[in-house]
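The values are calculated or read from the model by the stated rules, or taken from the named source; none is laboratory data. Owing to the predicted nature of the structure, the values given are computational and were not obtained by experimental measurement. Cβ placement follows ideal geometry from the backbone for every residue including glycine, while neighbour counts extend to all protein chains displayed. In case anyone asks, the SASA skips ligands and DNA or RNA and just uses the protein heavy atoms, side chains included. Shrake-Rupley method; radii C 1.70, N 1.55, O 1.52, S 1.80 Å.
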Amino acid sequence: MENDSIVGGVSHAIQDTTALSKMNQGIERLTTTPVSEWLPELVHTYLIPLGLKIVAAIIVFLLGRWVIKLVKKWMANGLMSRHGDATFHGFVSNLVSVVLYFILIIAIVGILGINTSSLVALLASAGLAVGMSLGGTLQNFAGGVLIVLFRPFKVGDYIVAQGMEGVVKEIQIFNTHLLTLDNKEVILPNGILATGVMTNFSKQETRRVDWVFSIAYGDDYDKAKAVLRGLCDADQRILQSPEPFVELGKLNNSSVDLTVRVWVKLADYWPVFFSMNEKVYKAFAQEGLNIPFPQVDVHMKN
């Protein structure tokens, strides 16, 4: 055993000496031999093969990117024709794109002559280390999967979450993109959306519209109630089942408040809300009903 160790040590020493000797010979040749003698050999032996590999890698990259775009387009047409769901399509398309680009990078590295098996092992180890340090990213990916599976919202829904609200524009593997009413894009992590409180205004087919209309003390309450009920019955967008609700809500400091509640289809919520405000303002003026404003009566004694 001891003799084998000695022999192995001597063998390594001889190999190291040989490599060092070759390196010294190469350096001596570069410094003592004219450039015209060793440059053609360098070009033919190293530079031309390396250049061909780089050109091949560029061609494969461009071709691969074109193929990935075709695959995404094919998936878009296929998934939309079968499922018709932009939520599922956007998530799967984004995930497949990431996987295909990873495969393309591995192929390019192999063309350049780098050992791909060692690179894959290195990337796997690096990915594990990065994944442990970036737990939030993995949580966001898991949140994206849960959103696609359980559908608390989908593309096109109007939601409120984390103090932000808007229409869901796209659901990616890590984030969800919202488009606000004033055309700003908000990016929210999927992990928070999957585990936090979120309000979806587009989940149901109908919504209830609430108003509080006030008249002055001394005005005819029954007339005001009849006017409001007539306006609700006249608007074809307001559903009659459930029946519109018009009742006395509160005797306020300076006004008599009437509560009005009606049900409409989802798309009619804001049109009905704004048009009813205008109709009530005009109708009260025509019927001699006063819309009060806050006031204070001061009584002075001599």
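Remark: for residue pairs Lys225/Lys265; Lys250/Lys301; Lys73/Lys203; Lys203/Lys265, the C-alpha separation exceeds 20 Å in Lys225/Lys265; Lys250/Lys301; Lys73/Lys203. Charges were assigned to the Cβ only: +1 to each Lys and Arg, -1 to each Asp and Glu. The resulting dipole of the stretch 147-298 about its Cα centre is roughly 500 debye. Converting phi to 3J(HN,Hα) with the Karplus coefficients 6.51, -1.76 and 1.60 and the offset θ = phi - 60°, the stretch 208-213 yields 9, 9, 10, 9, 10, 10 Hz in sequence order, with x at every glycine or proline.
Along the stretch 50-67 the Karplus relation, 6.51 cos²θ - 1.76 cosθ + 1.60 evaluated at θ = phi - 60°, assigns HN-Hα couplings of 5, x, 5, 5, 5, 4, 4, 5, 5, 4, 4, 5, 5, 5, x, 5, 5, 5 Hz to successive residues, with x for each Gly and Pro. Taking amide H as placed 1.01 Å from N in the peptide plane, Val155 has its amide H under 5 Å from the amide H of Thr87, each at least 5 places away in sequence or on another chain. Note that the stretch 267-284 has calculated 3J(HN,Hα) couplings of 6, 9, 4, 6, x, 5, 4, 6, 5, 5, 4, 5, 5, 5, 4, 6, 5, 4 Hz, one per residue in order, obtained from phi through the Karplus relation 6.51 cos²θ - 1.76 cosθ + 1.60 (θ = phi - 60°); glycine and proline are x. Measuring nothing but protein heavy atoms, the accessible surface of the stretch 184-226 at 1.4 Å probe radius is 51 percent carbon and sulfur.
The distance between label points at Ile103 and Glu205 comes to 4.3 nm (points 7 Å beyond Cα on the Cα→Cβ vector). Given R0 = 30 Å, the distance between the Cβ atoms of Asn290 and Asp233 translates into a calculated FRET efficiency of 0.80. Charge tally around Val168: other residues with Cβ under 10 Å, Lys/Arg +1 each, Asp/Glu -1 each, net 0. Prolate is the label for the stretch 129-264. Its Cα gyration tensor axes, ordered a ≥ b ≥ c, give a/c of at least 1.5 and a/b above b/c.
In this structure the amide hydrogen of Glu243, modeled in the peptide plane, comes within under 5 Å of no amide hydrogen from residues 5 or more places off or on another chain. For Leu258, the residues whose amide H sits under 5 Å from its own are Phe213, Ser214, Ile215, Gly249, ignoring neighbours fewer than 5 places away on the same chain, with H placed 1.01 Å from N.
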